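Each remark here refers to the structure printed beneath this line.
Every read-out reported here was derived from the displayed coordinates using simple, explicitly stated rules and does not represent laboratory data. As the structure is a prediction and not an experimental result, all values here were calculated from the model. Here the Cβ positions follow ideal geometry from the backbone for every residue, glycine too, while neighbour counts run over all protein chains shown.
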Amino acid sequence: MTETAAATRTLRPPDGYRLAASVGLLAMGNHDPCARFVDGTFWWATRTPSGPATLALRRTGGDLVATGYGPGAEWVLERADAVAGLRDDLTGFAALAAGHPVVAELAHTHRGLRIPATGQVWPRLLRAILEQKVTGKEAFRGYAATVRHFGTRAPGPVPTLWAPPEPAEVAAAPYWVFHPFGVEQRRADTLRRAATVADRLERCADSAEATRRLTAVVGIGPWTAAEVVRIGYGDADAVSVGDYHIPNTVSWALAGQARGDDARMLELLEPFRGHRGRVCLLLATAGIHAPRFGPRMPIRSFARF
């Protein structure tokens, strides 16, 4: 892979735009093998129809400079504004947010947050499946190990950056290959099934079609689909139904109730339809969570099985 940048593109974000908060939604923590900040520049590696590519985003004064590396450099540069969240449409949100004091305050405080839209399904789907019903540590371990096992070094000057794996390689792997990564057969099989239809999923016209096709895959439910389309399509209305924490967070923040189920969460979010997922992101960004009771979910290991 060449380290020579193919081209650059200068973007002009709106006043108050927050790069770290926005593109941080693309990374799984600070050590994501495919996306991370290095010395103030955000690096995002992916695969494109032209081959692997890396997009670098950095602030220069009031501008946002995008630089592409690798065979797919032109592809990522053309979509750099969407990846940075600059195509995020906040039309009507201010009026909706004004209807609740907590949401109104969060919308003002975090007005620089924008939802990215990568235009891709598979990279986020890979991560979302490995996040299903496990702790964050388990999810990251499985995700990082899977990327490094099946992926390739990303083009550009960051040696620790990896391009996501090709779906065909994941689809062809037996389920037991994932066991040393801490991934049990259920998630491994779901991932392999999703990989076999990844090409069709990438051709979906919009978030609604992608959601229908995603949830038709055995092992993929509303939670996984929402996690994918929110980032793949920049869907600000996508709500992660079935999450362990979000219903409680929404119920606590919007109604002062320490516990809530999916039905209560959707009821409280209904006034914000069109931006329900955005409200959930604002609550997460602000670090709001319901009081915690009882033991934490244990971390398991499947490496021996």
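Some notes on this structure:
- Computed on segment 175-224, with alpha-carbon pairs under 8 angstrom and 6+ residues apart, the relative contact order is 31 percent.
- Taking a ≥ b ≥ c as the square roots of the eigenvalues of the Cα gyration tensor, an a/c ratio of 1.5 or more together with a/b no larger than b/c marks the chain as oblate.
- Mean projected area (nm²) of the alpha-carbon convex hull when segment 5-88 is viewed from all directions: 5.2
- Relative contact order [Cα under 8 Å, 6+ residues apart], the chain, whole percent: 17
- Electrostatic tally near His31: other residues with Cβ closer than 13 Å to its Cβ, Lys and Arg +1, Asp and Glu -1, net +3.
- Sparse packing (at most 14 other Cβ atoms within 10 Å of the Cβ) combined with a DSSP loop state is found for the following trypsin sites (Lys or Arg not before Pro) in segment 115-163: Lys133.
- Local electrostatic count at Asp15 - Lys and Arg +1, Asp and Glu -1, tallied over other residues with Cβ under 15 Å: +3
- Take each peptide in 189-202, 216-229, count the other Cβ atoms within 10 Å of every residue, and average; sorted highest first, the result is 216-229, 189-202.
- Per-residue ellipticity at 222 nm computed for the chain from its helices equals -11000 deg cm²/dmol, with DSSP H segments shorter than 4 residues left out and the rest contributing -39,500 (n - 2.57).
- Average Cα contact separation per residue, segment 65-217, under 8 Å, 6 or more apart, as relative contact order %: 18
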